[in-house]
Structures are given as structure tokens and as C-alpha cells.
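The values are calculated or read from the model by the stated rules, or taken from the named source; none is laboratory data. Just so we're clear, the structure is a prediction, and the values are computed from it rather than from any experiment. Reconstructed Cβ throughout: ideal geometry from the backbone, glycine too, with neighbour counts over all protein chains shown. Each accessible area value is taken on the protein alone, full model and side chains, heavy atoms only, with ligands, DNA and RNA left out. Shrake-Rupley method; radii C 1.70, N 1.55, O 1.52, S 1.80 Å.
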Amino acid sequence: MDAAAPKKTCCESVRGFFTSAKFLIYMSHALSTWGDRMWNFAVAVFLVELYGNSLLLTAVYGLVVAGSVLLLGAIIGDWVDRNPRLKVAQTSLVVQNSCVIACGVLLMVVFQFKEQLAGLYDGWMLTTCYILVITIANIANLASTATSITIQRDWVVVVAGQDSSKLADMNATVRIIDQLTNILAPMLVGQIMAFGSHFIGCGFISGWNLCSMCLEYALLWKVYQKTPALAVKGGQKEQDQELKQLSPQRGLENGQSPEESSQPLMNDGAVTTKPASPKQNSCCYQVTEPLRTLKAGWVAYYNQSIFFAGMSLAFLYMTVLGFDCITTGYAYTQGLNGSVLSLLMGASAVSGICGTVAFTWVRKKCGLIRTGFMSGIAQLSCLMLCVVSVFAPGSPFDLSISPFQDLYTHLVGGRGSLPEADHSLTRGLTGDFLAGNTTDAPAQELPLLHSYMSVGLLFSGVIAARIGLWSFDLTVTQLIQENVIESERGVINGVQNSMNYLLDLLHFIMVILAPNPEAFGLLVIISVSFVAMGHIMYFRFAFKSLGSRLFLCCSPEQKVDAAENPSLPTTV
């Protein structure tokens with residue numbers, strides 16, 4: 001009788017994959033991301049529509065969201081670290097989807113009874129509704145941040161185990177899901193709003209999130225059952241030797257030893273309590289607790305071996321060279337219509353998917369750190385096309401026109417001083433393109449250009465650079481996953497999100513200060529400069545980690561382990 005284990009049939013292998021924890025995480029992430037992309041796209045359109053085709057409410061919402069994550073990122077991450085994984089995932093999931101549902105219902109009421117609400121209490125009732133919408137949507141975004149940290153930065157690592165290649169493949173698959181949903185979800189909800197109404201769009205998103213929440217909850221429970229390691233947060237037994245305390249004063253002030261102060265607040269549902277000192281029970285101590293957590297989180301982030309790698313990723317957010325409202329708005333001023341832009345966005349998604357596939361291949365050939373180095377070079381090389389576009393024929397770049405002219409006109413002259421053509425262009429942007437209608441805009445609303453060479457070079461560089469961008473993003477993500485101990489994984493990723501939002505906020509401020517198309521070339525040059533500074537930081541990290549071996553090619557079987565690379569605690 002053959003002692004070897006029987007081989008699985010094809011049907012058993014397929015069934016095993018579709019019931020595995022890895023596939024269930026993909027399904028849960030796809031549902032969550034699809035709902036997020038629909039909501040993030042639609043809420044901007046809803047706010048524009050509610051405020052009379054003005055971008056004011058949208059700008060306020062963006063500022064509130066960025067500021068909240070910037071201030072609370074470390075605190076959210078600390079909460080993720082201090083509580084059991086299943087509790088964190090379930091709580092953030094329920095809060096996120098419940099807030100989206102509540103916000104959708106509130107928006108339906110506002111759309112249906114806007115005139116009646118505007119007449120109550122001299123319009124303050126309608127203003128209160130606006131405030132509630134922005135507040136609830138912001139809470140949903142904070143819960144989404146917690147969900148992203150716990151699932152994409154923690155659960156994925158545990159499910160992958162100690163297999164670095166499996167972790168890279170899972171990260172790449174998750175990013176491909178992000179790319180696809182980022183294109184398809186807005187298209188779906190945009191068409192629903194275009195052929196139906198904003199009221200129907202709100203109802204569809206609320207219904208989707210209600211159904212999605214129940215299914216995601218069940219999927220995460222299945223993943224938790226199939227992965228026993230998720231029930232235990234590792235790294236606790238060696239904390240007294242290895243862990244840099246997030247808030248060392250917290251335990252010492254209470255008379256605890258370093259070993260006692262490093263123990264988790266909750267583990268596997270069991271709570272270890274110690275008598276609180278009078279100082280800890282004081283009102284002042286409890287009020288300042290979030291501030292100490294915030295400070296300790298940033299200090300812990302700074303002390304990480306991958307600090308410069310994380311900073312390099314954050315610097316890539318300080319750019320106008322992406323497919324956001326700024327770049328698409330500039331494209332409209334240069335004569336590109338909605339149909340062309342939709343094709344360019346599709347090409348950008350394909351380029352991003354190519355970058356994720358390239359990441360897995362290059363990492364196996366050259367190692368993780370070298371992959372980030374080569375991805376940075378590829379991205380910078382492609383972005384040189386954007387710099388060339390600033391001086392190419394057809395570029396509106398003109399430094400003789402003050403970049404603050406439009407800002408001064410808005411502040412002094414007000415909205416009524418703008419030409420009627422500008423208003424029609426704004427309506428075209430917010431009403432047609434944002435709502436999913438990508439039909440050609442009227443020719444008279446767009447300027448006639450002598451050459452499309454400049455805008456062609458600009459978008460060629462942006463699209464080509466997505467390959468290096470997403471490969472670099474995956475590199476830094478996996479570096480953080482592999483080189484941050486479990487007990488600090490949440491807070492470090494929370495601070496990383498805060499850094500990303502900080503640089504993203506700065507790039508919006510930069511555009512506000514220089515909004516006219518003639519100054520866009522200057523913004524392009526500044527953006528490329530920040531990207532270059534980010535990759536210089538990564539080069540410092542890579543050279544410090546590998547030294548002269550950074551420039552050596554390695555065979556597919558060669559691996560850089562901890563003995564060869566003492567600056568990093570795990571295999572890279």
C-alpha cells in the first residue's frame with residue numbers, strides 16, 4: 001500500500017482555493033473596496049449638486065477628511081494594536097457601513113425636501129444637514145482607515161505566514177482589485193445617477209452597503225476561523241527585549257516595570273486589569289491620553305528601521321501628476337473631452353496592473369529592496385516626459401502671468417466677477433464628467449489649441465509612471481509589513497496614513513495658491529521634485545541596508561537574509 005498522500009483532484013484543488021482564507025480575504029476586500037469607491041466618488045458629486053454646482057462643500061469635506069486622518073491616524077492605529085483582531089475588524093466594518101447607510105438616507109431626505117428644509121429657521125436646518133453629512137461621512141472614512149490597517153496591513157501578513165513570496169502575491173492581488181474597482185465602481189454609480197437621479201444613486205449605495213456589510217462580516221468570520229494565528233497577536237513574549245514602547249512613560253508613571261507596561265490591553269478576549277493609580281484616574285490624565293498616544297506613535301514611527309522608506313512613499317503624494325480632479329480639470333482646459341479622459345483613465349488602470357505584476361516578478365529575481373530602487377528609477381524616468389511637456393508646443397506655461405491672479409480674482413472680485421465661460425466649464429466638469437456622462441463637451445466651451453503635444457507628453461508620462469509607482473508602493477507596503485513587529489503594526493501604519501494625507505493636503509494647498517492653467521507647469525516641476533526627493537530618501541534606506549550589494553544583480557534563488565542585512569529584523 002502506497003504510504004504517500006493521495007494527490008488532490010482538479011475539482012478538490014479548485015474547491016480548496018475558493019474556500020481558502022486567502023480567497024475569502026480577496027472577496028471581502030473586493031466588496032469593501034467596491035463600496036468605498038462608489039461612495040467616495042458619489043459623495044463629491046452629491047455635495048456639488050447640493051450646493052448649487054459649487055465646489056465649496058466638496059473642498060470642505062476633503063479638508064475635514066485629510067485633517068482627521070492626519071490628527072487621528074496614530075490613535076486609530078493604537079486602537080487596532082490594543083484590541084483583538086476580530087473585534088477590530090468587526091467594529092470598524094459595522095461603523096463604516098452604518099455611517100455610509102445613514103449618510104445615504106440623510107442625503108435622500110435632503111434631495112427630496114431641499115426646498116422645505118431651506119425655508120426652516122432661515123436656512124439653518126439645511127446647513128445643519130450639510131454639517132451632519134460631512135461629519136458622518138468623515139466618521140465613515142476614519143472607520144475605513146481602521147479597516148484598511150487591520151485587513152491589508154495585518155490580516156494579510158498573518159494569512160501569508162512566514163512566506164515572503166506568498167505575501168508579495170497577496171499584496172499584488174489586493175492592489176489589482178483596488179485598480180479594477182477604482183475604475184468600474186465609479187462608472188456603475190455614475191451611470192445610475194446619469195440615467196436615474198441622485199436620489200436613486202443614494203438609495204443604491206445605501207442598499208449596497210447594507211448587503212455588503214452582512215456578507216463581509218460573514219467572510220471575515222470565516223477567515224478568522226480558518227486562520228488560528230489571527231486569534232493571537234504575536235510578539236508579546238519578547239516585548240521586554242525587543243519592543244520599543246509606544247508610550248514608555250505610561251507604565252513607568254504608574255509604578256509598573258517595563259515588562260508589565262508592555263503587555264497588551266486585551267488578548268483573546270481576556271482582559272488583564274491592574275488597580276489604577278490616582279494619577280491615572282485623574283481627569284487631566286485621561287483627557288491628555290490621546291495626545292500621549294499620538295506623540296508616542298510618531299516617535300515609534302521615527303525610530304523604525306524603515307522610516308526613510310515610509311517617508312519616501314509619503315512624498316509621492318505631493319504631486320499633481322495623477323488622475324484626480326486637478327489633473328482632469330487641467331485636461332479640460334487643454335481641450336480633452338470626457339471620452340478621451342475616460343480612455344486615459346482606463347490606460348492608467350492597465351498600467352497600474354502591469355506595475356503590480358512586474359513587482360512580483362522583479363522581487364523574485366532581485367529581492368524586495370532592489371525592486372523598490374528600480375521602481376523609483378523607472379517612475380522618475382517616465383516623469384521626465386511631464387517635465388518636457390511643460391516646455392513643449394501647446395503648453396500654456398507662462399511665468400509672466402502671476403500664479404496668484406485667479407486666487408486674487410476670487411477673493412476680491414468674487415464669483416460674480418468670473419466670465420460666464422468659466423461658469424459653463426465648471427458646470428460641465430461637475431455635472432457631466434463627475435456624474436459619469438463622458439460624452440463630448442460642447443466645442444465652444446473648450447479652448448482651441450494649436451498643438452496637443454504638451455498635454456500628450458504629460459499624460460504619456462503620467463500613465464507610464466504608474467508602472468513604477470505601484471511597484472514602488474507595493475515594495476514599501478511589504479517592507480512595513482515584514483519589518484514592523486505585530487504589536488506596533490497598527491500604530492505605524494496609522495502614522496504612515498497620516499503622513500500620506502499630510503503631503504496630499506499640501507499638494508491641494510499648492511494648487512489653491514496657483515490655480516490658473518499658466519502655472520500648472522510650475523506645479524508639475526514641483527511635483528517631480530518631491531517625487532525625486534522621495535526616491536532619494538529610499539535610496540538612502542536601500543544603501544544603508546544593502547551597501548554596495550544594492551547594485552549587484554542576484555539570481556532567482558539568492559535571498560538577502562537577516563544575517564547579511566542586520567539593519568532589518570526580518571527577511572527582505
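Determine, for each peptide in 309-316, 376-383, the mean count of other beta carbons within 10 angstrom over its residues, then list the peptides with the highest first.
Those peptides, ordered most packed to least, come out 309-316, 376-383.
Report the Cα centroid-to-centroid distance between the range 484-499 and the range 341-362 in angstrom, as an integer.
What the calculation gives is 27 Å, centre to centre.
Shape of the range 103-194 from its Cα gyration tensor (a ≥ b ≥ c, root eigenvalues): rounded if a/c is under 1.5, otherwise prolate when a/b > b/c, or oblate?
oblate
Arrange the residues Glu289, Glu216 by how much accessible surface each exposes, largest first, with a 1.4 angstrom probe.
Of Glu289, Glu216, the descending order of accessible area is Glu289, Glu216.
For the range 483-495, what does the Karplus curve 6.51 cos²θ - 1.76 cosθ + 1.60, with θ = phi - 60°, yield as ³J(HN,Hα) per residue in whole Hz, taken in order and with x for Gly and Pro?
10, 10, 5, 4, 6, 10, 4, x, 5, 5, 5, x, 5
By per-residue mean of other Cβ atoms within 10 Å, what is the highest-first order of 492-502, 355-365, 13-23, 129-139? Working shown, then result.
Numbers: 492-502: 24.1, 355-365: 19.8, 13-23: 12.9, 129-139: 18.1.
For the peptides 492-502, 355-365, 13-23, 129-139, the packing ranking is 492-502, 355-365, 129-139, 13-23.
Could you tell me which of rounded, prolate or oblate describes the range 65-111, using a ≥ b ≥ c as the square roots of the eigenvalues of the alpha-carbon gyration tensor, with rounded for a/c under 1.5 and, failing that, prolate when a/b is larger than b/c and oblate otherwise?
It is oblate, given that a/c is not under 1.5 and a/b is not larger than b/c.
Given axes a ≥ b ≥ c from the Cα gyration tensor, I'd like to know whether the range 89-134 is rounded (a/c under 1.5), prolate (a/b larger than b/c) or oblate. Present the calculation step by step, with values, prior to reporting the outcome.
Values: a/c = 5.71, a/b = 2.67, b/c = 2.14.
Note, shape of the range 89-134 comes out prolate.
Explain nothing, just the number: dipole magnitude of the range 70-137 about its Cα centre with +1 on each Lys and Arg Cβ and -1 on each Asp and Glu Cβ, in debye rounded to the nearest 20.
The dipole of the range 70-137 has a size of about 280 debye.
Past 24 Å, Cα to Cα, is the threshold; run Lys87/Lys166; Lys364/Lys544; Lys87/Lys226 against it and keep the listed order. Before the final figure, lay out each step's value.
Details: Lys87/Lys166 26 Å; Lys364/Lys544 21 Å; Lys87/Lys226 16 Å.
Correct reply: Lys87/Lys166.
Leaving ligands and nucleic acids out of the surface, order Ile326, Ile25, Ile526, Ile200 by accessible area at 1.4 Å, largest first.
Working: Ile326 25, Ile25 5, Ile526 55, Ile200 90 Å².
Result, largest first: Ile200, Ile526, Ile326, Ile25.
Measure out, as a whole number of angstrom, how far apart the alpha-carbon centroids of the range 144-200 and the range 523-541 sit.
27
In debye, nearest 20: dipole of the range 62-219 around its Cα centre with unit charges on the Cβ of K, R (+) and D, E (-)? Intermediate values should be presented prior to the final figure.
Values: 7 positive and 9 negative charges, 26 e Å.
So the dipole magnitude of the range 62-219 works out to roughly 120 debye.
What's the ranking of 161-171, 455-465 by average number of surrounding C-beta atoms within 10 Å, highest first?
Highest-to-lowest ranking by the protection proxy: 455-465, 161-171.
Between the range 365-379 and the range 88-125, how many Å separate their Cα centres?
45
If you take every residue apart from Ala185 with its C-beta less than 11 Å away from the C-beta of Ala185, what net charge results, scoring Lys and Arg +1 and Asp and Glu -1? Present the calculation step by step, with values, prior to reporting the outcome.
Values: positive: Arg37; negative: Asp36, Asp178.
Net charge around Ala185: -1.
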